[in-house]
Amino acid sequence: MLQSTTLAFLSGLQANNSKPWFDAQRPAYEAAKADFLALATDLLTGVEAADPAIAASHLQPKKCVFRINRDVRFSADKSPYKSNFGAWFNAGGKGAPTAGYYLNLEPGGSFVAGGLYMPEAAALAAIRQEIDYDLPAFERLLAGAEFSRYFSGLSQENTLKRPPKGYEADNPALPYLKLKSFTAAHPLTDADVLAPGFRTHVTDAFRGLQPLVEFLNRGLN
């Protein structure tokens, strides 16, 4: 199970986001980082078993985990560190514009998510075309038992007010075609995170996302 000290470190970082505090807590950070990497390593094994495209990518766990340092060059918020640990598993690795699986670990704000967030114009057009072409399959996967166990549907964030160019207002797929992201998320409490079955919980949720990820990546190929 994940160590409670890992959440405790992140809680401290939320309250004291500064380099002097971080430097003083370096041993606690290194222990928390190792704990999260061990979790990410286990989760990658589970994702590889559920998604052949991930298995074929031969991802390295360290490459799936995001750095804790923030890029503050263009941000009004100059806090030097993120207050969360994040891991992203997708075909081709973090540099590839493919759908995948994400875990966010953050005191009071942890979640499991998956899909594709704000794809570029060409990828967005390709996914919309795939949904329009095979709407029944897309709706079946969203209604599937494994998906529905953890996810209530796709996020409605970043939705067009009008039909996208090339699609009519009476298109039955319009609620999905108006989306600019194709993601689903499942919240996790701190108690969930520290429970003995946490790894299984996240792996099962990732398994529920696999049909969505596969469908989106098929549209991109």
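The values are calculated or read from the model by the stated rules, or taken from the named source; none is laboratory data. In this text the structure is predicted, and so the values were computed from the model without any measurement. Note that we place each Cβ from the backbone using ideal geometry, even for glycine, and neighbour counts take in every protein chain shown. Side chains included, ligands, DNA and RNA excluded: accessible areas come from the protein's heavy atoms. Shrake-Rupley method; radii C 1.70, N 1.55, O 1.52, S 1.80 Å.
Points to keep in mind about this one:
- Residue pairs meeting the criteria (Cβ under 9 Å; at least 6 apart or on separate chains; first part of a loop (DSSP other than H, G, I, E, B), in segment 145-168; second surrounded by fewer than 12 Cβ atoms within 10 Å (Cβ to Cβ)): ARG162/ALA169; PRO163/ALA169
- Condition met for GLU157 (touching a helix residue (DSSP H, G or I) at 6+ places or on another chain (Cβ under 7 Å) and at pLDDT below 95): no
- For segment 187-221, the set of residues classified as in a strand (DSSP E or B) and open to solvent by less than 30 Å² (accessible area, probe 1.4 Å) consists of LEU188 only.
- Test: LYS82 is open to solvent by 30 Å² or more (accessible area, probe 1.4 Å), touching a residue at least 24 places away in the same chain (Cβ under 8 Å) and under 30 Å from ASN16 (Cα atoms): no
- Taken over segment 44-79, the criterion of being exposed (fewer than 15 other Cβ atoms within 10 Å of the Cβ) and either among the hydroxyl-bearing types (Ser, Thr, Tyr) or within 24 Å of PHE147 (Cα to Cα) (or both) is satisfied by THR45, ALA49, PRO52, ALA56, SER75, SER79.
- Hits in segment 135-183 (condition: surrounded by 14 or more Cβ atoms within 10 Å (Cβ to Cβ), of a type in the set (Gly, Ala, Ser) and under 22 Å from the mean Cα position of the chain (by Cα)): GLY144, SER155, SER181
- When PHE89, PHE111 are checked against the criterion of being in a strand (DSSP E or B), in contact with a strand residue (DSSP E or B) (Cβ under 8 Å, 6 or more places away or on another chain), open to solvent by 30 Å² or more (accessible area, probe 1.4 Å) and in contact (Cβ under 8 Å) with a residue 40 or more places away in the chain, PHE111 stands alone in meeting it.
- The C-beta contact set for segment 3-20 (first residue among the aromatic types (Phe, Trp, Tyr), second residue at pLDDT 95 or above, distance under 8 angstrom, 6+ apart or interchain) comprises PHE9/GLN25; PHE9/ALA28; PHE9/TYR29; PHE9/ALA31; PHE9/ALA32.
- Residue match in segment 33-41 (condition: of a type in the set (Lys, Arg) and within 24 Å of the chain's Cα centre (by Cα)): yes
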